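The values are calculated or read from the model by the stated rules, or taken from the named source; none is laboratory data. Not measured: the values here are computed from a predicted model. Neighbour counts are summed over all protein chains in view; Cβ atoms, including those assigned to glycine, are modelled from backbone coordinates with ideal geometry. Only protein heavy atoms, including side chains, enter the accessible area calculation; ligands, DNA and RNA are left aside. Shrake-Rupley method; radii C 1.70, N 1.55, O 1.52, S 1.80 Å.
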Amino acid sequence: MLKQIEGSYAVAQVVAHCRPNVISAYPITPQTHIVEGLADLVGEGQLQAEFVNVESEFSAASVVLGASAAGARAYTATTSQGLLLMSEVIYCIAGMRLPIVLTCANRAISAPLSIWNDQQDSMAVRDAGWIQLHAEDNQEASDLHIQAFKIAEQTFLPTMVCMDGFILTHAFEPVDIPEQKEVDDFLPTFKPRHIVDPRWPRGIGLFADPRFYMETRYILHRALEKSEETIKEVSADFAKVFGRESGGFIKTYKLEEADVAIVSMGSVVGTIKELIDQLEEEGKKVGLLQICCYRPFPRHEVYRALKDKMNIVVLEKCISLGRGGILASDVRWSFPRAEKKDRNISSFVAGLGGRNISIDDLQYMVEKVEKEPVEFEFLGLRKELIAERDM
Amino acid sequence: MEKSKYLEGVEKKDLFAHGHRACGGCGQALAARLVADAAGENTIACVATGCLEVFSSPYPDPAWRIPFLHSLFENAAAVASGVEAAYKALGKGPVNIIAQGGDGSTADIGFQSISGMFERGHNVLYVCYDNEAYMNTGVQRSSFTPYGARTTTTPMGNRTRKKNMPMIAADHGIPYVATATVDDFRDLQKKVQKALAIEGPKYVHILAPCPLGWGHHGELTVEVCRLAKDTGLFPIYEIVDGKITNVRKIPVKVPVEEYLKVQGRFKHLFKRGVPSEEVAEIQEIANQNIERFNL
Ligand SMILES: Cc1ncc(C[n+]2csc(CCOP(=O)(O)OP(=O)(O)O)c2C)c(N)n1
Ligand SMILES: [Mg+2]
């Protein structure tokens, strides 16, 4: 049913339709409305679940870890400082192959404190062994949660759905929220693999000495690579059942004919598409490659989609301080060595801490890379605030 | 040799037994075994990182015959909360859920998560194995390290008094708190069973000497516990619904010197056999306990 609804509440309703057994979360802007929404649904009896109000994100993550290890479908949501506080548990959840679903309402990281959007938080745990899916709009954010539970429970890999804080979480958009029955038909009940249960005593979370540890990392890495099939299958199934494309590995927009290819992820692709249309009217061919699944990284898809493009620009809302663009490194790595020569892959960081990314900013970026490649640049910097002596 | 009376009525099921790698005389290994056997098969152990976890859970041969769940150093109570929530949500159980951690895990890094578990009222028993320092990482000070004790991070002797965790636990309004040591198997097991029969959060604090860290002979583990009790340094009691009860009376009070002298960690308190001022301070701590609990 199509509803005019805030992104967070749409996600809350969809998550409720996925029937998690245990929900545990700790409030942090801009994630709060999601868990408030779920608390209401549990309180009103629309969702039968244990809602555990914990004293920190560290405990929220630990509670869902324990619940999942005991065979429950478990869900949590957080952002920014909360995700960083969870990070030790985040690694554990992946290492223990617990198919937990987490919503990350992407937000900047302190210091300085900023409650506004960028994607530094989920990037900070990109190497932890989770699948990371990025939503473009609220329809996709909702749809991705249904897919996330299915993907996680088929692969035994925890799955993080990333949605831009405020820009999506607090935006009112029409969202088609599937009926309970449709979700039930799409998402089978959770069949756990190893659980703590006195009927079958086993140890979960044993320590591994140097004879065994490496293999656990190899297996997790390969499982993530292999999850590619499941992620594609689930999104294809979703399209068949619900009649719309959501998720998958990558999406493209007017890329085939493009002279300049922009690569990005999250809600900013909306603005990028607008620019592309605008430039098209002026006779310029610019296209978009949208990363929907950031981990596992869709290396082969990226390569296939971009192999004829000699002018590529990566725009991202995160930075590896002291190094530069993170997504840009991933894109550069997607090309075989020989094919990197003569190919311009420019890297721009933008929108940190909620700085608006305007069409003009994007147009400046495209015009700049048309002239010459850009190794690395901050887009939309206020130069008047920067003094040489501070650096 | 006649069968020791000492073991009469003690549950022995070997639910925690074979293949662990604890040092000889380890109080914690003994305590963990008594706890598991008292709780029985229908039990899930959520264990924090620390000596117990390390000596009992190497892949591929853990020493547990009940389900064992470990993830981190500071979250055993929260993980146990999650297990309990899952059992409720899935309509499974009843089952005994026992979160277990060392003193460092309990008093310091995991303090918040335990407080949260108590406050939320989960049906979980938390057992603290108190060996009065971070043993797993090489005998560093914790906030349960007693006054005067030498650890690797208090080479001149610890300057602070021990955090009073049983009282802190009781002040959460939880229905059952108890202290125990590994010199009285029946008492320890009775308290575990009593705790498990009560609905809600429970806390059992067990003094578990560490021969390596405390510097006593392994065969003295039980004797050291007896001295801790009889000096008044480790009072034995229960707190049921907020009321202190079943306080163990000391039959014959022992000066703290006797407790201190058998342990290397207090050796620096005696210069050529003469006790220093710190010993008087420790005697004062014992006296305060004796008065407070009417030991
Ligand atoms: C976050 C974190 N910090 C530090 C450690 C290192 N560490 C592991 S066990 C331990 C000490 C454990 O002390 P305690 O809880 O008293 O248990 P014991 O080993 O003494 O039985 C420490 C400091 C860790 N594993 N995780
Ligand atoms: Mg200790």
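Values as computed for the structure displayed
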| read-out | value |
| --- | --- |
| Residue within segment A:48-57 that is in contact with a His (Cβ under 9 Å, 6 or more places away or on another chain) and open to solvent by 40 Å² or more (accessible area, probe 1.4 Å) present | no |
| Scope segment A:134-176; condition open to solvent by less than 10 Å² (accessible area, probe 1.4 Å) and assigned to a loop (DSSP other than H, G, I, E, B); matching residues | A:ALA135, A:LEU157, A:PRO158, A:GLY165, A:LEU168, A:THR169 |
| Filter result (within 22 Å of B:GLY215 (Cα to Cα) and of a type in the set (Val, Ile, Thr)) within segment B:229-272 | B:THR231, B:VAL254, B:VAL256, B:VAL262 |
| Those residues of segment B:125-140 which are more than 8 Å from ligand 1 (Cβ to nearest atom) and either without any contact (Cβ under 8 Å) to a residue 24 or more places away in the chain or within 13 Å of chain A (Cβ to nearest Cβ) (or both), in sequence order | B:GLY138 |
| Failed condition for A:PRO30, given (1) assigned to a loop (DSSP other than H, G, I, E, B); (2) open to solvent by 20 Å² or more (accessible area, probe 1.4 Å) | (2) |
| Failed condition for A:GLY7, given (1) open to solvent by less than 50 Å² (accessible area, probe 1.4 Å); (2) of a type outside the set (Lys, Arg); (3) more than 19 Å from the chain's Cα centre (by Cα); (4) on the phi < 0 side of the Ramachandran plot | (3) |
| Subset of segment A:51-94 (residues that are more than 8 Å from chain B (Cβ to nearest Cβ) and in a loop (DSSP other than H, G, I, E, B)) | A:ARG73, A:THR79 |
| Residue within segment A:186-209 that is away from chain B (no Cβ under 14 Å), assigned to a helix (DSSP H, G or I) and crowded, with 19+ Cβ neighbours inside 10 Å present | yes |
| Complete set of residues in segment A:210-234 that are polar (S, T, N, Q) and away from every other protein chain (no Cβ under 12 Å) | A:SER227, A:THR230 |
| Residue list for segment A:337-363, filter: more than 23 Å from the chain's Cα centre (by Cα) and either open to solvent by 100 Å² or more (accessible area, probe 1.4 Å) or without any contact (Cβ under 8 Å) to a residue 12 or more places away in the chain (or both) | A:ARG337, A:ALA338, A:LYS340, A:LYS341, A:ASP342, A:ASP360 |
| Residue match in segment B:186-193 (condition: under 17 Å from B:ASP108 (Cα atoms), under 12 Å from the mean Cα position of the chain (by Cα) and open to solvent by less than 10 Å² (accessible area, probe 1.4 Å)) | no |
| Condition broken by B:GLY19, with the remaining ones in (1) modelled with pLDDT under 95; (2) within 21 Å of the chain's Cα centre (by Cα) satisfied | (2) |
| Filtered residue count, segment B:141-185, keeping only those that are open to solvent by less than 20 Å² (accessible area, probe 1.4 Å), more than 16 Å from ligand 1 (Cβ to nearest atom) and out of contact with any strand residue (DSSP E or B) (no Cβ under 8 Å at 6 or more places or on another chain) | 3 |
| Identity of the residue in segment B:23-53, over 16 Å from the mean Cα position of the chain (by Cα) and within 17 Å of B:PRO211 (Cα to Cα), that ends up nearest to ligand 2 (Cβ to nearest atom) | B:CYS23 |
| Residue in segment A:96-108 that is among the basic types (Lys, Arg) and at the interface with another protein chain (Cβ under 10 Å from one of its Cβ atoms) present | no |
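Results for (1) more than 30 Å from A:ALA25 (Cβ to Cβ); (2) among the charged types (D, E, K, R); (3) facing another protein chain (nearest Cβ under 10 Å); (4) within 14 Å of ligand 2 (Cβ to nearest atom), shown as yes or no for each residue.
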{"site": "B:GLN112", "(1), (2), (3), (4)": "no, no, yes, no"}
{"site": "B:PHE118", "(1), (2), (3), (4)": "no, no, no, no"}
{"site": "B:ASN123", "(1), (2), (3), (4)": "no, no, no, no"}
{"site": "B:SER143", "(1), (2), (3), (4)": "no, no, no, yes"}
